[in-house]
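Throughout, read-outs are computed from the coordinates displayed, never taken from laboratory work. Only a predicted model underlies this, so the values are computations on that prediction, with no experimental measurement involved. Every residue, glycine as well, gets a Cβ built from its backbone with ideal geometry; the counts of neighbours run over all protein chains shown.
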Amino acid sequence: MVDEFYKPKVVDVYPYCKEGSETFFLLLKRNPFKIYGGQWRMVGGKIEKNELAWQAAIREYEEETQLDGKLWWTVPSLNHFYDHQRDAVQLIPVFAVDCGSKQTPTLNDEHIEYKWVEAKDCQNYIRWPEQNRLILLINELVKQELLHEWLLKR
């Protein structure tokens, strides 16, 4: 059994698609009345009781976009930051999902807008340095076709 101290509480999901040699990421603008209001972000959310991180990733993605994922994989890195309010380091599992094409999501009440943004331009939207680093990592892994080791079975 995993020690609760180390059990992750939230997940990040980076939806993307390829067009030619370029990778585009689905970014969602948060509802101003929700946490991170007005910020452009990827999909993310809390892990529910008795839910595994990868299950939470799929659930959150489906809830926030109503899209199907073509290919799911675990990114071989973590989002992490120091939470000064809790005096704790947050370690967040990261997942990527190939959407196949620039589909139109059906947004839930957490988001008010979406954009498909080329990987190199995501830094113009995403505020958090770790999230930008992860987008660039995912982009590199997709371009080098190095996903087979981290594929998830659904």
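Sorting 36-45, 83-92 by their mean Cβ neighbour count within 10 Å, with the most densely packed peptide first, gives 36-45, 83-92. In percent, rounded to a whole number, the relative contact order of the chain is 30, using alpha-carbon pairs under 8 Å and six or more apart. Under the combined filter of DSSP loop state and at most 11 neighbouring Cβ atoms within 10 Å, region 41-139 retains these GluC sites (Glu not before Pro): E48. A Förster radius of 25 Å combined with the Cβ-Cβ distance from Y6 to Q55 puts the calculated FRET efficiency at roughly 0.90. Maximal additional length on extending the R133-A88 stretch stands at 14.1 nm, based on 0.36 nm per residue less the C-alpha distance. Between F81 and E22, residue separation times 0.36 nm minus the direct Cα-Cα distance comes to 18.4 nm. Counting neighbouring Cβ atoms within 10 Å and putting the fewest first, the residues D12, D121 line up as D121, D12. Classification of region 1-58 by its C-alpha gyration tensor yields an oblate form. The axis ratio a/c (a ≥ b ≥ c) is 1.5 or more, and b/c is at least a/b. When you count the other C-beta atoms within 10 angstrom of each residue and take the mean per peptide, 100-109, 19-28 line up highest first as 19-28, 100-109. Going from the residue with the fewest nearby Cβ atoms within 10 Å to the one with the most, D68, D98 rank D68, D98.
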